[in-house]
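The values are calculated or read from the model by the stated rules, or taken from the named source; none is laboratory data. All of these numbers come straight from a predicted model, not from anything done at the bench. Glycine gets a Cβ as well: all are built from the backbone with ideal geometry, and neighbour counts include every protein chain shown.
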Amino acid sequence: MSFFFAALKRELLLVFRHRSDIINPLAFFLMVAVLFPLGVSPDPSFLSEVASGVIWVAALLACLLSVDSIFRSDFQDGSLEQMLISAESLWLIVTAKVITHWLVSGFFLALISPLVGMMFFLPEQGYFSLIVSLLLGTPTLSLMGAIGSALTVGLRKGGVLISLLVLPLYIPVLIFGAGTVQAGVMGLPIQGYLALLAAILVFSLMLAPVAIVAALKISVRS
Amino acid sequence: MKISMPRWFYQLASPRWFYEFTGKLLPWFGIATLVLLSVGTIWGLVFAPADYQQGNSFRIIYVHVPSSILAQSCYMLMAVAGAIGLIWKMKMAHIVAQACAPIGASIAIMSLATGAIWGKPTWGAWWVWDARLTAMLVLLFLYIGVIALQAAFENKASADKASAILSLVGLVNIPIIKYSVEWWNTLHQPATFTVTEKPAMPPEMWIPLLIMVLGFYCFFAVILMGRARVELLEREKRSDWVKQLIAKY
């Protein structure tokens, strides 16, 4: 366990030394959200109707873009190779990396999501469900995204490829996440949605690290 | 614990044995495909009775349903072959998985296209955000992801293993995607489209459909074996038996 915390500390330290890594996904999230009123319509009734979907899509894209680099710097400077041959479990290192990625992208996204909600005239009763659904849904996005990132880390052209691999897998989270917010706005119970989001999270927490470790081994050896 | 697999399982792993074995199978599957597809098509298009609600437009079912079923089975086969390749380090399984991806993608496109053509007269729209249509579209996206990943690697062995992992991840996700899409659809769908209740099909309608499904599976087997054989020759071109084989022509 102490090894896990040491790995987590290393990842967090690396992130806080590159503070732009924290700001960039958030700025991207805000910009994508701003495109919708500009591109479609600034009408408040329209915006409040699409708010849940737009915020979730923007969060999903922000997560997708930032997950691309989760293993890249370690791969390029060779530390990933050292992690692979070390006696410690790669599973723990991978989990620490994914948790760090979630803290930097999903967690902060959930915290600033009320700001975007306000800009989209989200009805008051929807804020709680918005924050909770993002908190429960974005860790799954980080886990699934890390699979794609691990598969493509050795390749020169990462960007578009990882979206092709990962976006279809994001669909259930998007459906249930946006569904939570919509149920919250309408004053319906949201526990069922949250339970499903939590179930998907637990499921991917069990299986995704296995796939990530296997993918990293392939990427490093090739 | 040691699990011993039957002998034919290991024999399949040998490229040469696979090549010779499929060479013997191919003509039989080819004949079966020809017979089943022509009998099914003629029976379905000419002799089967017209639907009492949809008239003759329902006859596209004889292409649409087999291709939809096949698109899903093909993904299953691709993922299982990939898993066999990862677990038993079997080159042949990876070759089969690689051959599956483009075939499956084309069949999924065929299923979507025939669905759209059928939807226009029946629902009045080329595309409806119906759960089954959307799930098929996502399946096509999963195929595209696997194909893109295969193409991105220069090293064949890494491409095989990486796409095997991706197709397994996709296989685990397919039921989740399917049910989430179904639920999303029932929540959002305005009650404008009610798909005409399927009447219990009379045998004159479903027997040709069954023949078409079997014919599609045989057709798939022919294409799959053909693609796998070509890929196998390409990969094994340095081995002696391939050189001797080519020298004969």
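Among the residues of segment A:55-92, just one is buried (at least 19 other Cβ atoms within 10 Å of the Cβ) and either touching a Cys at 6+ places or on another chain (Cβ under 7 Å) or hydroxyl-bearing (Ser, Thr, Tyr) (or both), namely A:66. When segment A:204-222 is filtered for residues that are more than 8 Å from every other protein chain (Cβ to nearest Cβ), over 13 Å from residue A:95 (Cα atoms) and not aliphatic (A, V, I, L, M), only A:217 remains.
Scanning segment A:174-200 for residues that are surrounded by fewer than 19 Cβ atoms within 10 Å (Cβ to Cβ) and either closer than 28 Å to residue A:220 by Cα or touching a residue at least 12 places away in the same chain (Cβ under 8 Å) (or both) turns up A:187, A:198.
In this structure, does residue B:68 turn out to be touching a Lys or Arg at 6+ places or on another chain (Cβ under 9 Å) and under 25 Å from residue B:145 (Cα atoms)? Judged against the criteria, residue B:68 is a match.
Residue-level analysis places residue A:15 among those that are in a helix (DSSP H, G or I), under 21 Å from the mean Cα position of the chain (by Cα) and in contact (Cβ under 8 Å) with a residue 60 or more places away in the chain.
Would you call residue A:126 in contact (Cβ under 8 Å) with a residue 40 or more places away in the chain and touching a His at 6+ places or on another chain (Cβ under 9 Å)?
Spelling it out, it is not the case that residue A:126 is in contact (Cβ under 8 Å) with a residue 40 or more places away in the chain and touching a His at 6+ places or on another chain (Cβ under 9 Å).
Among the residues of segment B:177-209, the ones that are modelled with pLDDT of 75 or more, within 14 Å of another protein chain (Cβ to nearest Cβ) and loosely packed, with under 10 Cβ neighbours inside 10 Å come to 0 in all. Give A:53, A:117 a once-over and let me know the one that is in a helix (DSSP H, G or I) and more than 17 Å from the chain's Cα centre (by Cα). It is A:117.
Right, residue B:230: more than 14 Å from chain A (Cβ to nearest Cβ), at pLDDT below 95 and in a helix (DSSP H, G or I) or not? When the stated conditions are applied, residue B:230 passes them. Among the candidates A:38, A:60, the residue that is within 15 Å of the chain's Cα centre (by Cα) and not in a loop (DSSP other than H, G, I, E, B) is uniquely A:60.
Filtering segment B:151-174 for residues that are closer than 19 Å to residue B:63 by Cα and either modelled with pLDDT of 85 or more or part of a helix (DSSP H, G or I) (or both) leaves an empty set. For segment B:39-82, a tally of residues being assigned to a helix (DSSP H, G or I), among the aliphatic types (A, V, I, L, M) and farther than 27 Å from residue B:134 by Cβ returns 4.
Looking for whichever is β-branched (Val, Ile, Thr), surrounded by 24 or more Cβ atoms within 10 Å (Cβ to Cβ), facing chain B (nearest Cβ under 8 Å) and part of a helix (DSSP H, G or I) here; the options are A:147, A:171. Which one fits?
A:147
Within segment B:145-162, one or more residues are facing chain A (nearest Cβ under 10 Å) and within 15 Å of the chain's Cα centre (by Cα).
Within segment B:163-176, the set of residues being more than 7 Å from chain A (Cβ to nearest Cβ) and either farther than 17 Å from residue A:200 by Cβ or of a type in the set (A, V, I, L, M, F, W, C) (or both) comprises B:163, B:164, B:167, B:168, B:171, B:174. For segment B:40-80, a residue qualifies if it is among the β-branched types (Val, Ile, Thr) and loosely packed, with under 15 Cβ neighbours inside 10 Å, and the qualifying residues are B:42, B:46. A count restricted to segment B:86-110 and to residues that are more than 18 Å from residue B:145 (Cβ to Cβ) and crowded, with 24+ Cβ neighbours inside 10 Å stands at 2.
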